[in-house]
Amino acid sequence: MSKVMTDSLGEVVLPDGALYGPQTQRAVNNFKLSGQAMPWRFLAALIEIKRAAAQTHLTLGELDDTKAEAIIRAADQLLADKPLKAFPVEVFQTGSGTSSNMNVNEVIANLAGNGVSPNDDVNMGQSSNDTVPAALQLSVLQGLEKQLLPRLHHLAKVIEQKAASLDGVVKTGRTHLMDAMPLTFGQELTTWQVQLEGVETEIRHAIQRLSQLPLGGTAVGTGINAHPQLADGVCVRLCERLHLHVEAHDWPFAHMAAQEAPLAASAALRQLAVVLMKVSNDLRWMNSGPLAGLGEISLPALQPGSSIMPGKVNPVIPEALAMVCAQVMGLDAANAIAAQSGNFQLNVMLPLLVHNLNQMVDLLANGCEHLADKAIKDFTVNQARVDESLEKNPILVTALNSEIGYLQAAAIAKKAYAEGRPILEVAKEETDLGEAQLKDLLDPAKLCRPFDE
């Protein structure tokens, strides 16, 4: 079954029962590139903007009570029901996102009834050119505040607790993947925590930039056809409903023509991916073995690791996280290209930024949670293996430099390594230092904190 509707270009055939209208159907017919729909968080942000605009126009006397209240009811229904089939326009569409804006306008108008027009009433005082970048920023802002940051905090807390529990466990440090001076597991894990804290600072800087919405700019930034109080009124209502701080940008031209604020968010997300990749690979290396690798820790055994080798267990969570991080880094590269596609007064890769940034937020939020709960929280230290490696670490001889000099220390290290003997044993033979003094100088726990009393 189908129905025929008309828009400014003529007649369009729509499926019977479709909530959307002819402009949406034209987009469905035109764009069949990926089958990937626009993210719900973005659609919800766009619906929230339409709802807030109707409320503001009602207050300003620009929209009558019947139409305004019908738009608000329709928006509330959509936000509650999340009818994804009503929003079939895919990511790879017109670069302004006009198809998605009209999709939302048509669905709200059809649900509202009461003679509500998608263009004249739902889209009153707006343009795709200001509402789409505003919804992009709002969706990413919500994702960062409500999804990513809580999970990032959870990961940092789990690392902090694990670091505290292992603060006294000394291990061999490694630079260039080669044995180096010792440190504690606590120091190693706290480094991850500090890295994550640095990322959070960058995310919060991006949030500040994203909070300035280009609403009220309409077609090219000048605000044609918009009430001068519309943008501020919409932002006030968005703050109240979403419990986020947003405000109207004082120069909407900038966030319509250019996309540096979303790009700043992308850069912060890329930085988080870099940190999580490092943490994941550190875990993989420490877990490697159990016999022929480092074997310092044992990650939780979550599933069989091989279809042919019985008993093999792999570090599946760090591996999955590494792929998440690779995907995020790739999406960030695409975002850089998209952000520079601002031609005169409008960026024309907005849907791609919407898709990529929301995907990055969700991947990293889930990744932080997985890494915390399925890898870091419950890994165990293989103490015997750690102690064995530490005892035979020839680099401990570095602590003797000030007593015997670099060259003699190097000779002792080479001999200890060649003979597979502890550095203390060889140093006793090759120096005049007493055993008690050597034990004190070569104490790994003291070497981890050389400035402690």
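Every residue, every condition in (1) in a helix (DSSP H, G or I); (2) in contact with a Gly (Cβ under 9 Å, 6 or more places away or on another chain); (3) open to solvent by 30 Å² or more (accessible area, probe 1.4 Å), yes or no:
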position	(1), (2), (3)
Arg51	yes, no, no
Gln55	yes, yes, yes
Leu63	no, no, no
Ala68	yes, no, no
Ile71	yes, no, no
Ala75	yes, no, no
Ala80	yes, no, yes
Lys85	yes, no, yes
Pro88	no, no, yes
Assess whether Val28 counts as being more than 19 Å from Asn358 (Cβ to Cβ), of a type in the set (A, V, I, L, M, F, W, C), outside any helix (DSSP H, G or I) and open to solvent by 10 Å² or more (accessible area, probe 1.4 Å). no
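Conditions (1) open to solvent by 40 Å² or more (accessible area, probe 1.4 Å); (2) among the hydroxyl-bearing types (Ser, Thr, Tyr), marked per residue:
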site: Ala248; (1), (2): no, no
site: Ala257; (1), (2): no, no
site: Ala261; (1), (2): no, no
site: Ser266; (1), (2): no, yes
site: Ser280; (1), (2): no, yes
site: Leu294; (1), (2): yes, no
site: Pro304; (1), (2): yes, no
site: Met323; (1), (2): yes, no
site: Gln327; (1), (2): yes, no
So is Val426 in contact with an Asp or Glu (Cβ under 8 Å, 6 or more places away or on another chain), open to solvent by less than 70 Å² (accessible area, probe 1.4 Å) and touching a residue at least 12 places away in the same chain (Cβ under 8 Å) or not? yes
Open to solvent by 20 Å² or more (accessible area, probe 1.4 Å), at positive phi and either at pLDDT 95 or above or among the acidic types (Asp, Glu) (or both): does that describe Gly113? yes
Go through segment 407-423 and give me each residue that's assigned to a loop (DSSP other than H, G, I, E, B) and either of a type in the set (A, V, I, L, M) or surrounded by 15 or more Cβ atoms within 10 Å (Cβ to Cβ) (or both). Arg421, Pro422
Of the conditions (1) in contact with a helix residue (DSSP H, G or I) (Cβ under 6 Å, 6 or more places away or on another chain); (2) surrounded by fewer than 20 Cβ atoms within 10 Å (Cβ to Cβ), Gln36 fails just one. Which one is it? (1)
In a helix (DSSP H, G or I), touching a residue at least 60 places away in the same chain (Cβ under 8 Å), surrounded by 19 or more Cβ atoms within 10 Å (Cβ to Cβ) and not basic (Lys, Arg): which single residue out of Leu363, Leu353, Leu400 fits that description? Leu353
Any residue at all in segment 360-378 that's of a type outside the set (A, V, I, L, M), modelled with pLDDT of 95 or more and in contact with a Pro (Cβ under 8 Å, 6 or more places away or on another chain)? yes
Report yes if Ala156 is under 25 Å from the mean Cα position of the chain (by Cα) and open to solvent by less than 10 Å² (accessible area, probe 1.4 Å), otherwise no. no
Kindly indicate whether Asn382 is closer than 21 Å to Gly295 by Cβ and open to solvent by less than 40 Å² (accessible area, probe 1.4 Å). no
How many residues of segment 1-27 are small (Gly, Ala, Ser), in contact (Cβ under 8 Å) with a residue 12 or more places away in the chain and farther than 18 Å from Ala109 by Cβ? The answer is 1
How many residues are of a type in the set (D, E, K, R) and farther than 30 Å from Gln359 by Cα when one looks only at segment 267-307? 1
Pairs, first more than 13 Å from Ile159 (Cβ to Cβ) in segment 368-382, second part of a loop (DSSP other than H, G, I, E, B) and open to solvent by 70 Å² or more (accessible area, probe 1.4 Å), C-beta under 9 Å, six or more apart: Lys374/Leu302; Asn382/Pro290
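The values are calculated or read from the model by the stated rules, or taken from the named source; none is laboratory data. This is a predicted model, so every value here is computed, not measured. When we count neighbours, we look across all protein chains shown, and the Cβ atoms used for this are built from the backbone with ideal geometry, even at glycine. The accessibility values were calculated without ligands, DNA or RNA, using every heavy atom of the protein model including side chains. Shrake-Rupley method; radii C 1.70, N 1.55, O 1.52, S 1.80 Å.
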